[in-house]
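What follows is a single structure, written as structure tokens, with notes after it.
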Amino acid sequence: MHELGITQNIVAIVAEHAEPKKVKRVLLEIGKLSAIMPDAIRFCFDICTLGTVLEGATLDILETPGLARCRQCNAEIPLEKPFGSCSCGSRQLDLIAGEELKIKEIEIEIVCV
């Protein structure tokens with residue numbers, strides 16, 4: 001399960017940017033063609049955040065659909081898998097979305113004194 005290593009890296013990056021403040025929420029963008037399982041990331045998140053400034057933080061995941069552009073007719077085609085064919089018959093597609101893994105937002109707890 002490579003999601004454990006990915007989640008450890010996400011936690012490390014967020015913690016580095018947030019410390020010493022406590023993180024309340026993290027929003028990830030994961031493309032449907034990225035070969036990353038959002039449920040596995042959710043499962044690993046609670047374990048990986050123990051003892052860090054992210055402990056107890058909420059994890060939200062935005063899944064982005066796959067999208068490709070046909071090299072022959074320049075049409076944009078939605079994809080569920082990293083391959084497919086255009087309505088013009090071409091299989092020469094360039095992926096333009098769906099492989100993302102991004103930390104989109106970090107919500108940090110602000111303490112007013």
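At an R0 of 22 angstrom, the distance between the Cβ atoms of residue 37 and residue 17 translates into a FRET efficiency of 0.30. Taking the DSSP beta bridges with both ends in the stretch 3-108, the antiparallel portion is around 70 percent.
Computed per residue of the chain from DSSP H runs no shorter than four, each worth -39500 (n - 2.57), the mean residue ellipticity at 222 nm is -8000 deg cm²/dmol. The trypsin sites (Lys or Arg not before Pro) of the stretch 73-112 that meet both conditions, a loop assignment by DSSP and at most 12 other Cβ atoms within 10 Å of the site Cβ, are 91. Toward the positive end of the charge dipole of the chain, with +1 on the Cβ of Lys and Arg and -1 on the Cβ of Asp and Glu, the farthest Cα among 48, 108, 74 is that of 74. Each residue of the chain gets 106 Å³ once the volume of the Cα convex hull is shared out per residue. If you count Lys pairs in the chain whose Cα atoms are under 20 Å apart, skipping same-chain pairs closer than 8 places in sequence, the total is 8.
Between residue 83 and residue 110, the C-beta separation translates, for a Förster distance of 41 Å, into a calculated FRET efficiency of about 0.35.
Computed from the coordinates by the stated procedures, all read-outs in this text should not be read as laboratory data. The structure displayed is predicted, hence computed values, not measured ones. Don't worry about glycine lacking a Cβ; one is built from the backbone with ideal geometry, like all the others, and counts go over all protein chains shown.
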